[in-house]
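These notes are about the structure you will find just below.
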Amino acid sequence: MPKLTVDGIEVEVPGGATVLQACEAAGAEIPRFCYHERLSIAGNCRMCLVEMEKSPKPVASCAMPAADGQVIHTRSEKVKKAREGVMEFLLINHPLDCPICDQGGECDLQDQAMAYGRGANRYEENKRAVTEKYMGPLIKTVMTRCIHCTRCVRFAEEVAGVEEIGAIGRGESMQITSYLEKAVTSELSGNVIDLCPVGALTSKPYAFQARPWELKKTDSIDVMDAIGSNIVVGSRGAAVLRVTPRINDAVNEEWLADKSRFAIDGLAERRLDTPWVRVGGKLRKAGWAEAFAAIAEGLKGLSGDQIAGVVGDLNAVEDMVAFKDLLAGLGSNRIECRQDGALFDAAEPAGWLLGAGLAAAETADAILLVGSNPRHEAALLNVRLRKAVKKGGAKAFSIGPEVDLSFPVTQLGDEAALLATLPDALREAFAKAQRPLLLVGMGALKTPGLYQAARAAAAALNVVRDGWNGFGLVHTAAARAGALRLGLVAEGGIAALLADTGVKAQFLLGADEVQVPPGRFTVYIGTHGDRGVARADVILPAAAYTEKAGTYVNMEGRVQRALKATQPPGDAREDWTIFRALSSVLGQKLPYDDLVALRARIAAEWPDLAGPGLIARAAALEPLAPVPVGGPLAHALGNYQLTNPIARASATMAACVSSLLAPQTQEAAQ
């Protein structure tokens, strides 16, 4: 490990570290524009110049390897003048439009110009102008502001794996643009907004909405997929204006999928803000007392086995526990959380979690995907798998429909029967692997017997061994893992529950993907006027994920808590409080009156859900006997942008669908 001296302080850094990293280890602040910890080194901006003894001129610390005996100065007069010169050059063509730039207040160029600039520019020549580029409905471009750091180019190529952003021209004529000026198709494209150190790339839906200091920032958890991405909700009053990622290396690193970032405008559209009751075949507005009375009337005379519930994809653990307790008080334990029809053994968490975990997935050296398109089902898991293949040299195989996953994959076919025959090339790759991974998608699990066949294949490929569980399910619903831990599964799955003519009353807790049979008394508790309200007899307005404090469990079993950012609209209430109030009307009063008491009840029965950490699971995964399966497999999601009520209510997501179905150019968009 090399030792070097930075501003008189001796530091030791790992081999392969750069001078910039050594300087930061010594506590020195090094300005930069092009350098980013998660991207390759470009050395474009030269803002990170430092003085190195025995060097004839300042060196770019981001691109200089740290070596034994180096003596570095970061605050010398030579460094000060070098940085002032670099900043002066960067500002030669930069427009003075900070008052109307959405980057204002959180702009690296502003901050570093104040800290390291001269305070005046000696150039009087005309500034160059660059035409705006069309990058789709999500990214707003003002390319005259661009300083050519190429962060966006490197992100698109190295992380997203969609090489649709690049540079054309040379010198003063260089411009950053999308391929043929068409919409960027990556489901991670919004991250270039965070990466851009100036105002060249900003959020198009958020344009001119607010300044950073106007927003209340609340730590939360994303619910648009099962990754459990850590986010910051920016709100003003009752409106959620933007969502940005929060760094968590174990979960989402510092990235965020586009749906998680941009679907938030759907929180204000098609909202349920008052109870509704169906009278004479037509829905009409009602008060809470009238809605509760209608529910009591609809349940009158029904036994517990005639009442069932379905849990949706966006619910917090607290909501589902209160829901479970309410139905238990009515004598029913028939609650199903797998509204997509997936069938698997839910008894042991080790059998339905992502066994290796998200962070460990990027260390895999052999990967088999069964009926899964992680690029759409779990975009940030796909980033990890891409790392494993592109950087770690892992071999990837897929059984299912062929799709572009942004990394090389050997397509074996789409027949489920391939799990029993396992081609030789696959067996050979897994035989050599130290950390093999077998991932099964929710779409594949709609095929009867597929889960058992996948578990048998996992045993044949030896993906579960001492210290490593390479078997996992790729969940698509944020509420799914928590609901499974609570045991919210019904025998035969959702199909058997809906087909049972003995069920006379159905509760839908945010469940919009099921078609309730006619004739059942149906109560819908949710946030939007979406598919779930179509046949509802009583509709109760609930709080969205930004409007309540809640606990969520992601696909690897990580328990995380979100804080409340805004208030629910109108008469909408937090889900668990609805069940607490309804239980009194139904004569089955729940034994908790506040969130603290509810969480104490959860901790008593499920202590692993009481706080941050991983839920309990068995150390080993027992093999299952194979069963014959056949037929083509399908993926879980038909449309990445429109998978839940919030996304379907989002005008931004609708614009994304339109741009993908009919790709637009700059001229067509204007």
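The values are calculated or read from the model by the stated rules, or taken from the named source; none is laboratory data. Computed from a prediction, not measured in an experiment: that's the story for all the values here. We place every Cβ from the backbone using ideal geometry, glycine too, and count neighbours over all the protein chains shown. Heavy atoms of the whole protein, side chains included, go into the accessibility calculation; ligands, DNA and RNA do not. Shrake-Rupley method; radii C 1.70, N 1.55, O 1.52, S 1.80 Å.
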Q: Please find, among 125, 29, the residue that is closer than 25 Å to residue 174 by Cβ and either open to solvent by 80 Å² or more (accessible area, probe 1.4 Å) or basic (Lys, Arg) (or both).
A: 125
Q) Which residues, taken from the range 597-616, are under 23 Å from residue 233 (Cβ atoms), open to solvent by 40 Å² or more (accessible area, probe 1.4 Å) and not in a loop (DSSP other than H, G, I, E, B)? A) 599
(Q) So if I check each of 291, 263, which one is open to solvent by less than 10 Å² (accessible area, probe 1.4 Å) and under 18 Å from residue 314 (Cβ atoms)? (A) 263
Q.
I'd like the full set of residues that are aliphatic (A, V, I, L, M) and open to solvent by less than 10 Å² (accessible area, probe 1.4 Å), limited to the range 350-361.
A. 350, 353, 354, 358, 361
(Q) Looking at the range 199-208, can you tell me whether even one residue there is open to solvent by 50 Å² or more (accessible area, probe 1.4 Å) and not charged (D, E, K, R)? (A) yes
Q. Between a first residue in the range 84-111 that is among the β-branched types (Val, Ile, Thr) and a second residue that is at pLDDT below 95 and open to solvent by 20 Å² or more (accessible area, probe 1.4 Å), which pairs have beta carbons less than 6 Å apart while being 6 or more apart in sequence or on different chains?
A. 86/46; 92/123
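Residue by residue, here is whether (1) acidic (Asp, Glu); (2) surrounded by fewer than 22 Cβ atoms within 10 Å (Cβ to Cβ); (3) in contact with a Pro (Cβ under 8 Å, 6 or more places away or on another chain) holds:
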position	(1), (2), (3)
217	no, yes, no
222	yes, no, no
225	yes, no, no
233	no, no, no
237	no, yes, no
246	no, yes, no
249	yes, yes, no
252	no, no, yes
Q.
Can you tell me which condition residue 347 does not meet? The list is (1) of a type outside the set (S, T, N, Q); (2) over 13 Å from residue 438 (Cα atoms); (3) touching a residue at least 12 places away in the same chain (Cβ under 8 Å), and all the others hold.
A. (3)
Q: Name the one entry in 8, 15 that is open to solvent by 40 Å² or more (accessible area, probe 1.4 Å) and within 22 Å of residue 249 (Cβ to Cβ).
A: 15
Q: Taking only the range 555-596 into account, find how many residues are under 30 Å from residue 303 (Cβ atoms), small (Gly, Ala, Ser) and part of a loop (DSSP other than H, G, I, E, B).
A: 1
Q. Here are some conditions: (1) over 30 Å from residue 653 (Cβ atoms); (2) in contact with a Pro (Cβ under 9 Å, 6 or more places away or on another chain); (3) in contact (Cβ under 8 Å) with a residue 60 or more places away in the chain. Residue 138 meets all but one. Which one does it not meet?
A. (1)
Q) For residues in the range 517-559 being open to solvent by 10 Å² or more (accessible area, probe 1.4 Å) and β-branched (Val, Ile, Thr), which is nearest to residue 596 (Cα to Cα)? A) 527
**Q.** Qualifying positions in the range 401-429 - in contact with a strand residue (DSSP E or B) (Cβ under 9 Å, 6 or more places away or on another chain), farther than 22 Å from residue 462 by Cβ and not acidic (Asp, Glu)
**A.** 401, 405, 407, 408, 411, 413
Q. Only one of 364, 322 is in contact (Cβ under 8 Å) with a residue 40 or more places away in the chain, in a helix (DSSP H, G or I) and crowded, with 24+ Cβ neighbours inside 10 Å; which?
A. 322
Q: Please work out which residue is surrounded by the fewest Cβ atoms within 10 Å (Cβ to Cβ), limiting yourself to the range 415-437 and to residues that are closer than 20 Å to residue 374 by Cβ and touching a Gly at 6+ places or on another chain (Cβ under 6 Å).
A: 416
Q | Residues being closer than 19 Å to residue 223 by Cα and open to solvent by 40 Å² or more (accessible area, probe 1.4 Å) - total across the range 372-414 | A | 1
